Each structure stands twice: as structure tokens, then as C-alpha cells.
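J.: Structure incoming, see below.
The values are calculated or read from the model by the stated rules, or taken from the named source; none is laboratory data. Being a predicted model, the structure only gives us computed values, none of them experimental. Cβ coordinates were reconstructed from backbone atoms using ideal geometry, including for glycine residues, and neighbour counts include every protein chain displayed. SASA here: full protein model, heavy atoms, side chains in, ligands and nucleic acids out. Shrake-Rupley method; radii C 1.70, N 1.55, O 1.52, S 1.80 Å.
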Amino acid sequence: MTLLYPPRENPVLALDIGGTKIECALVESDGTLSRRQRISTKECSSNLFGAISELLKSVRRDTAVEALGVGCGGPMRNQGEFVSPLNIPVWREFSLLDSLRKSTGLDAFIDNDAKALALGEGRFGGAKGMSNYLSMVVSTGVGGGIVLDGRLLDGSEGNAGHIGHVIVLPDGRDCACGARGCLEAETSGAAIEQMTGAPAIAASLEVKQRTGFLVGRAVSSVAALLDVERCFIAGSVALGFGKPFFDAANDSVRQHAHISHASTLLIEPSLLTSDGPLLGAACVAWRALDE
């Protein structure tokens, strides 16, 4: 395994940038979080990076830190040098990496937020000891990270694992990426609110089961292609929907994954709780420092 990084004397500064909220904390090598703070993405949209800079200063203060690790929604280019999160429309080709380095004076390392979560799941969560698994977020958006043979897959620009844009309904809803019927367009919190006219938290049992079924359909294809043994899912939609979602997702796997190496796949809740995104962002920094 390559996800168990050596302990370090100082904490890392961890930043999670999502479509709904942005969080920051100091994270120690054992996963202890301190000085955790958050801001609203939408409320700060008029000067989003300025608000992030102030958040980082407030959390860091005068503490010595190893580096800054960032999990951010995608897509992105050149490992976060430029980011265009679909759920943050004010950022298109935004030079996040350079901006963070100039603002903080720190070594900064960026990865997709769901890929970051995959690193966190492997170090602190349900995937400890596993070499082949998929990690997902089903929340405001839908993303994923894939670990094969103990290594997180990156891809040419850092976007490997973006399962939110696997097409699950060819004639489905228009997606922000420009396609139709993407998993994100059918199962994200934003999509559910558009479809039902109410926040995802108020979803009916039918909507919860439909969401899980479509997620299971997408995961089945990933398992057939990449031979992963588990899928761990976090995010406010998946975890908020709970048992109806996960039962439907696993029923969908049984329906769609018939090839032998995919048929035993299990979809389970992430064990990282609400700390997951920040632990994942910290792992982004540790991974880069280690390599």
C-alpha cells in the first residue's frame, strides 16, 4: 500500500472546497483536527478567493505547518493548476494553485475532492488495508476516486475517477458538463431539488431508492472495468438517505454486475463521518510530500 504516509512533526493545513461549503482545519498525522472553520460558498461568491484567503489565515495563525492540502470539485487541469468546478460557476479556468501559493507562502497541493476522500478512506476509513476500491461523494455534486493496486489513479490532468459523468440514462436530464443523463445530473442534491422542487433532505422513499439504483448502475460498470472490491460512499445525499439508498444501490449491483469479478462488489457508507473531506485534503498534502 502507498496510502500510509510517515508521521510528521507539524500538522498540515487542510482545505476542502465544495459547491455548498468551504472548510479548513489543522490536521495532525493521527487524523486529529483543530481550529476547524467553515464558510458558505454561495454567500462568498462575489469574492470567493478573498474569503478563502481570510479563512486560511484565521485557521493557521502563527502555527508552523508542513504544507497546504486541498480537495476541490472538478474538473481541473494540471493537478489543480487551473480549476473549473461545475458547482462553482464563478470559477472557470481559475488559477487556484498559484493563487494559494502566493496568498499563503506555503507549498500547496490540490486534488479533486472525491479523490482526496479516497486517500482519506484508505488511511483512516473503511478501506484501510485494501488495495482496490472506489470512493464516492454523492452530495451537491457527484464525484469519485479510484485506488488500484494501492495507488490512487490520477489520469493525464488529475481527473481520473469522475464517476459523476458516467451516463446512466442516455435520454436523461441535461448535465452542467454538456452531456445528458450523467449520474450527477440524475442523483446529485442539486438535481434532486430541481426534479422535486424541494431540498434533497425532504426526498421521498421513491427518490431515495431511485438515487441508490442509479448509483449502483454506475458503480457496476466501474467494477466490471477495473475489478474493485468495494465502493465507499460519503456525502450529504447518500448518508442522509441512509439504508434505502444503500439497499437500492446494492440491489442495483446485483442486477447489473453479472461478470464474476464484479458480482461480489459491495457498496458501503464511508466510515470517515463529517471529517472525511478535511482528512482527505490533508492526505493530498502528505501524498505529495511523500512522493
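J.: I'm told Leu15 meets every condition in (1) open to solvent by less than 10 Å² (accessible area, probe 1.4 Å); (2) in a helix (DSSP H, G or I); (3) touching a Gly at 6+ places or on another chain (Cβ under 8 Å) except one. Can you identify the failing condition by its number?
T.: Of everything listed in (1) open to solvent by less than 10 Å² (accessible area, probe 1.4 Å); (2) in a helix (DSSP H, G or I); (3) touching a Gly at 6+ places or on another chain (Cβ under 8 Å), Leu15 misses just condition (2).
J.: Now a separate question. Which number in (1) in contact with a His (Cβ under 9 Å, 6 or more places away or on another chain); (2) open to solvent by 40 Å² or more (accessible area, probe 1.4 Å) marks the one condition that Ala262 misses?
T.: (2)
J.: Return the total of residues in the stretch 250-289 being touching a residue at least 40 places away in the same chain (Cβ under 8 Å), more than 15 Å from Leu134 (Cβ to Cβ) and among the β-branched types (Val, Ile, Thr).
T.: Matching residues across the stretch 250-289 total 1.
J.: Same structure, new question: Scan the stretch 165-192 residue by residue and report those that are of a type in the set (D, E, K, R) and touching a helix residue (DSSP H, G or I) at 6+ places or on another chain (Cβ under 6 Å). Reasoning before the result, please.
T.: Step one: of the stretch 165-192, the residues of a type in the set (D, E, K, R) are 171, 173-174, 180, 184, 186.
Within the stretch 165-192, Arg173, Glu184, Glu186 meet the criteria.
J.: When the stretch 164-175 is examined, which residues are found to be assigned to a loop (DSSP other than H, G, I, E, B) and either open to solvent by less than 20 Å² (accessible area, probe 1.4 Å) or closer than 22 Å to Ser135 by Cα (or both)? Write out each step before concluding.
T.: If we filter the stretch 164-175 for residues that are assigned to a loop (DSSP other than H, G, I, E, B), which is where we start, we get 166, 168-173, 175.
Scanning the stretch 164-175 gives Val166, Val168, Leu169, Gly172, Cys175.
J.: Of the numbered conditions (1) in contact with a helix residue (DSSP H, G or I) (Cβ under 9 Å, 6 or more places away or on another chain); (2) open to solvent by 70 Å² or more (accessible area, probe 1.4 Å); (3) in a loop (DSSP other than H, G, I, E, B), Met195 fails exactly one; give the number of that condition.
T.: Of (1) in contact with a helix residue (DSSP H, G or I) (Cβ under 9 Å, 6 or more places away or on another chain); (2) open to solvent by 70 Å² or more (accessible area, probe 1.4 Å); (3) in a loop (DSSP other than H, G, I, E, B), only one is false for Met195: (3).
J.: For the stretch 222-245, which positions are open to solvent by less than 60 Å² (accessible area, probe 1.4 Å), assigned to a loop (DSSP other than H, G, I, E, B) and either more than 15 Å from Ala114 (Cβ to Cβ) or at pLDDT below 95 (or both)?
T.: Gly235, Gly242, listed by residue number.
J.: Filtering the stretch 105-159 down to residues that are part of a strand (DSSP E or B) and out of contact with any Gly (no Cβ under 9 Å at 6 or more places or on another chain), which residue is nearest to Tyr5 (Cα to Cα)?
T.: Applying the first criterion (part of a strand (DSSP E or B)) to the stretch 105-159 yields 108-112, 133-138, 142-148, 151-152.
Next, only the ones that are out of contact with any Gly (no Cβ under 9 Å at 6 or more places or on another chain) stay: 148, 151.
Values: Leu148: 17, Arg151: 13 Å.
Looking at residues that are part of a strand (DSSP E or B) and out of contact with any Gly (no Cβ under 9 Å at 6 or more places or on another chain), I get Arg151.
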